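Right, one structure below, let's go through it.
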Amino acid sequence: MILVVDVGNTNINFGVYEGEKMLVMFKLTAKVDRTSDEFGLNIRELLDLNDIDKNSITGVAIASVVPNVMHSLITAIERYIGCKPLIVGPGTKTGIKVATENPKEMGADRIVDAVAAYEKYGGPILVLDFGTATTYDLVTEDGSLIVGITAPGIRISAKALWEDTAKLPEIEIKKPASILTKETVSSMQAGLVYGQIGQTEYIIEKVKEESGLKNLKVIATGGLGSIISDETDKIEVYDKFLTLDGLRMIYEKNHR
């Protein structure tokens, strides 16, 4: 079995795979500072609760966009799981070529998403990840990641509303019944969700127009991606486990 870890700005997602099958997925918040011992205990407890023997874990792969948690996390995995993890970064075999102007600036999570989307669905493909930021990454038919677009995520926009505007409250992010809202909470929900839908559809169409790739597949992932993908026909597939699947694929490419 292998353990894969996606360290994001909001959550740290874990998946345990046996071959290509995901056995279990769990998460920790990324907003809490943890020592290596705290990480180790959290991971061991969550594995135990899901009936996974830590001794059955033979490999670990990590993709991270949060550098300051890595020392504690890596130490915890080495000490409590007994594996030296593969960290996705420059020099890691991925099966795709990052052909942007500065490949080292491309986030590990975006590379992992691109690997999984290309292997599962083929190219050309546009990969959308609705995380803390909303990202749009274009992979060509021959497996080159050539374009990366970054926009504020829905949660970032929501947080800006209630933190920077004195009278607006913190709200649940969901689509209201109608865009014709008549009170504060649903008016904020409408602006956030319908605004994201509009942005998503426009960027997809603009990428198709300027790239000339009219047959471009569009795949989405990320925590709030299901809300948006349900409301537009511009997204063909919502794949909840795309990033974790990509980590498994990359681990296998580097340990054959």
**Report entry** Lysine-lysine proximity count for the stretch 153-224, Cα under 20 Å, sequence distance 8 or more or distinct chains
**Finding:** 8
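Counting alpha carbon pairs within less than 8 Å and at least 6 residues apart, what relative contact order, in whole percent, applies to the chain?
RCO, the chain: 18 percent.
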Report summary line: Using alpha carbon centers only, the stretch 119-196 is separated from the stretch 1-54 by a whole-angstrom value of 26
Query - Inter-site label distance for D53 and E236 at 7 Å from Cα along Cβ, in nm - result: 4.3
Report summary line: Sorted by chain and then number, the residues having a modelled amide H within less than 5 Å of the amide H of I12, at least 5 places away or on another chain, are L28, T29, A30
Query raised in the report: Which value in deg cm²/dmol, rounded to the nearest 500, describes the helix-derived mean residue ellipticity at 222 nm for the chain, given -39,500 (n - 2.57) per DSSP H run of n ≥ 4 and division by the residue count?
Result: -11500 deg cm²/dmol
Report task. First obtain the Kirkwood hydrodynamic radius of the stretch 138-178 from its Cα pairs, then insert it into the Stokes-Einstein equation at 4 °C and 1.567 mPa s, and state the resulting D in µm² per second as a whole number. Result -> 98
Query raised in the report: Over the stretch 2-87, with a single point scatterer placed on each C-alpha, what log10 of the ratio I(q)/I(0) does the Debye formula yield at q = 0.12, 0.13 1/Å?
Result: -0.29, -0.34
**Report entry** Spatially proximal aspartates and glutamates relative to K97 (Cα-Cα < 12 Å; intrachain offsets below 8 disregarded)
**Finding:** E141, D142
Report task. Give the value in nm², to one decimal: projected area of the alpha carbon convex hull of the stretch 97-247, averaged over all directions. Result -> 9.5
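According to the square roots a ≥ b ≥ c of the eigenvalues of the Cα gyration tensor, what is the shape class of the chain, taking rounded for a/c under 1.5, prolate for a/b larger than b/c otherwise, and oblate for the remainder? Mind dumping the intermediate values first?
On the way: a/c = 2.04, a/b = 1.28, b/c = 1.60.
Because a/c hits 1.5 or more and a/b fails to exceed b/c, the chain counts as oblate.
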Query raised in the report: In whole Hz, what ³J(HN,Hα) sequence does the stretch 78-92 give by Karplus (6.51, -1.76, 1.60; θ = phi - 60°), x for Gly and Pro?
Result: 5, 7, 9, 9, x, 10, 8, x, 7, 9, 5, x, x, x, 6
Query raised in the report: Cross-link partners among lysines for K84, C-alpha distance below 19 Å, same-chain residues fewer than 8 apart left out?
Result: K54, K93, K253
Report summary line: Bounding extents of the stretch 52-142 in its principal axis frame from Cα atoms, largest first in Å, are 41, 27, 26
Report summary line: For the stretch 97-247 the mean separation of alpha carbon contacts under 8 Å (6+ apart) over residue count, i.e. relative contact order in percent, is 26
Requested in this report: Using DSSP, restrict attention to beta bridges with both residues in the chain and report what percent are antiparallel, rounded to the nearest 5.
Outcome: 60
Requested in this report: Could you give the C-alpha radius of gyration of the stretch 189-256 expressed as a fraction of 2.2 N^0.38 Å, taking N as the number of residues it contains?
Outcome: 1.35
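Just so you know, all these numbers are worked out from the coordinates, no wet-lab data involved. Keep in mind the model is a prediction, meaning the values are calculated, not measured. Neighbour counts are summed over all protein chains in view; Cβ atoms, including those assigned to glycine, are modelled from backbone coordinates with ideal geometry.
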